[in-house]
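Have a look at the structure below, then the notes.
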């Protein structure tokens, strides 16, 4: 490979130098609302471009653990046309869920039903495990 | 129209993940509405309850093994991930080095101390101790969220040792610093929970932390707090939490005589058994046993013990005679605790945490829509 022609640093810097305007000042926080607390509590938000039957939800501080389980249970809903989840970037603690439903229900309702169904599932798993644990203890004694 | 109900053989077939010599087949679940025309695959709590079962094989404080049967990988994996990364446990977070003249650098020593697992009163660890960032009235009650530990040790010559002794353990006092040398300093109400048998102490007392020579000493104070595995692996309450799918082995055509013995050797002990072909089997036309009465045949004894090495698929003589697979909805869990939790409680806690997540986020969702 032929050696690269070295360009004086100053010359390139001059050519590529672009004057930059100051960043616009940060919008002043509105005095009536205490945003800090509100934002901390609110871990779900609907991403722009949503309609009633199709929406993407952004979850803060969630990952594959809830993402995949929720995706599964929402896909079990016959009113849901599509459900998928993604983690847009590994170094951001964000998880997105996309839900598209058929007419007659909404994406928000489908997500809510997903939460309820997953809670029911947890109850069943917990009950059955404890039941079996009692059986197992009896078996061990016998 | 009533939903179409597929036959049991069809349902069993759908559950199997195929395993070939170099490839796998039918990996993804298909139990979603709309996948099979006319079938009702929608979520139903009662249907799930009927199909779901748990089987426990081993339940000891430090280790348990059990099967969850009839659950999807997405949920089983959530439980596994929660056990590893989201169940809180106590570990050393801060080390204050007053003096360290050992050859181990302060930061390396601190990292080693952080990884030492501790145990103590279950009630104290799980109920009394709270998160370090607990706010409000508990903020000043340090005994709620911080555990003070000390390690003060100095190496000296053992005057009583024989002259010319070369074993450092005999020639010196405290040549080795072990986890058991860490002392718990109770503070405030911690005395009510962590005393006598229930004192906070290392799970494994013989972890070697450092080696010293005469004149060297270590004097550190440590603060242990509660954390979760997603923050740092030292907070993970499990040594391992893993699952595997139940293997299946189907012998499609008889494997007889010497072949049967070779077939059994392709698997771990106890997976394949050898039985004698009976008169009745030999008499049955088309069974493949005709004229083989009295010979050995290979039968599947315990597929669960199989490691799915696929060795049997490498030999020509078994080609077309055996099919390997795994049951997609049968998860054999193995949970090994590091001491703060009982291993079965770890699983139940993971279920609780998943449910808790749903509860909180459901509220958050209602909040947002409102």
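Along the Cα→Cβ direction, 7 angstrom out, place labels at residue B:213 and residue B:58. What is the inter-label distance in nm?
4.4 nm
For chain B, what does the equivalent ellipsoid look like in terms of its semi-axes, each the square root of 5 times an eigenvalue of the Cα gyration tensor, given largest first in whole Å?
Numbers: eigenvalues 575, 217, 47 Å².
Working from the Cα gyration tensor, I get semi-axes of 54, 33, 15 Å.
Work the Kirkwood hydrodynamic radius out for segment B:102-230: mean of 1/r over every pair of different alpha-carbon atoms, inverted, in Å. It would help to have the intermediate numbers written out before the result.
Details: mean 1/r = 0.0610 Å⁻¹.
Evaluated over segment B:102-230, this radius sits at 16.4 Å.
Fewest Cβ neighbours within 10 Å first, please rank B:232, B:223 accordingly. Don't skip to the answer; put the middle values down first.
On the way: B:232 13, B:223 16.
Going from least to most buried by this count: B:232, B:223.
Could you tell me the relative contact order of segment B:88-236? Use alpha-carbon pairs under 8 Å, at least six residues apart, and round to a whole percent.
Numbers: 295 pairs, mean separation 64.1, N = 149.
Result for segment B:88-236 is 43 percent.
Percent of Cα-Cα pairs per 10 Å bin, from 0 to the last occupied bin, for segment B:1-74, please list those.
Here the calculated profile for segment B:1-74 is 14, 38, 30, 15, 3, 0.
Mean residue ellipticity at 222 nm from the helices of the protein assembly as shown, using -39,500 (n - 2.57) per DSSP H segment of n ≥ 4 over the full residue count, to the nearest 500 deg cm²/dmol?
Working: 13 runs with 147 residues, N = 512.
The helix-only estimate for the protein assembly as shown comes to -9000 deg cm²/dmol at 222 nm.
Mind ranking B:275-283, B:203-211, B:62-70 by how tightly packed they are, going by the mean number of other C-beta atoms within 10 angstrom, highest first? Don't skip to the answer; put the middle values down first.
Numbers: B:275-283: 13.8, B:203-211: 15.6, B:62-70: 18.9.
Going by the mean number of other Cβ atoms within 10 Å, highest first, we get B:62-70, B:203-211, B:275-283.
Treating each Cα of segment A:44-127 as an identical point scatterer and ignoring solvent, apply the Debye formula and state log10 I(q)/I(0) at q = 0.15, 0.16, 0.17 Å⁻¹.
Rounded to two decimals, the profile gives -0.51, -0.58, -0.65.
Compute the FRET efficiency between residue A:87 and residue B:282 as 1/(1 + (r/R0)^6), taking r as their Cβ-Cβ distance and R0 = 45 Å, and round to the nearest 0.05.
Values: r = 60 Å, r/R0 = 1.33.
Efficiency computed from Cβ-Cβ geometry: 0.15.
What does the average come to when, for each residue of peptide B:73-81, you count the partner chain Cβ atoms lying within 10 Å of its Cβ?
Numbers: counts 3, 11, 9, 2, 5, 10, 4, 1, 6.
Average per residue, whole number: 6.
Sort A:57, B:128 by Cβ crowding within 10 Å, fewest neighbours at the top. Intermediate results must be reported in sequence, preceding the final value.
On the way: A:57 22, B:128 16.
Listed from fewest to most nearby Cβ atoms, that is B:128, A:57.
Compute the length gained on full extension between residue B:367 and residue B:317: take 0.36 nm times their separation in residues and subtract their Cα-Cα distance, giving the result in nm to one decimal. Please list the in-between numbers first.
Details: separation 50, 0.36 × 50 = 18.00 nm, distance 6.52 nm.
Between residue B:367 and residue B:317, full extension yields an extra 11.5 nm.
Sticking with the crude label model, points 7 Å out along Cα→Cβ, report the distance from residue B:101 to residue B:46 in nm, one decimal please.
Label-label distance for residue B:101 and residue B:46, simple model: 7.7 nm.
Going out from 0 in 10 Å bins, what whole percent of all Cα-Cα distances in segment B:324-370 drops into each bin?
Taking all Cα pairs of segment B:324-370, the binned fractions are 21, 28, 27, 19, 5, 0 percent.
Taking 0.36 nm per residue of separation and subtracting the Cα-Cα distance, what length does fully extending residue A:103 through residue A:42 add?
On the way: separation 61, 0.36 × 61 = 21.96 nm, distance 2.79 nm.
So the chain would gain 19.2 nm between residue A:103 and residue A:42.
How are the Cα pair distances of segment B:264-357 distributed, in percent, across 10 Å bins from 0?
It works out to 13, 27, 25, 16, 11, 8, 1, in whole percents.
Cα convex hull of the protein assembly as shown: mean projected area in nm², to one decimal?
Working: hull surface 181.3 nm².
Over all viewing directions, the protein assembly as shown projects a mean Cα-hull area of 45.3 nm².
In cubic angstrom, how much convex hull volume per residue do the alpha carbon atoms of segment B:253-302 span?
66 Å³
Looking at the calculated P(r) for segment B:221-294, what percent of the C-alpha pair distances fall above 18 Å?
Working: 1707 of 2701 pairs.
Within segment B:221-294, distances greater than 18 Å cover 63 percent of Cα pairs.
In nm², what is the average projected area of the convex hull enclosing the Cα atoms of segment B:10-124?
Values: hull surface 57.4 nm².
For the Cα atoms of segment B:10-124, the hull's average projected area reads 14.3 nm².
Could you list B:178, B:46 so that the one with the fewest beta carbons within 10 Å of its beta carbon is first and the one with the most is last?
On the way: B:178 17, B:46 9.
Listing B:178, B:46 from fewest to most nearby Cβ atoms yields B:46, B:178.
To the nearest 0.05, what FRET efficiency results for residue B:359 and residue B:7 with a Förster distance of 25 Å applied to their C-beta separation? Write down the numbers at each step before the final one.
Details: r = 39 Å, r/R0 = 1.58.
The calculated FRET efficiency here is 0.05.
Since every read-out is calculated from the coordinates, none of them should be taken as a lab result. This is a predicted model, so every value here is computed, not measured. No Cβ is skipped: glycine too gets one built from the backbone with ideal geometry, and neighbour counts run over all protein chains shown.
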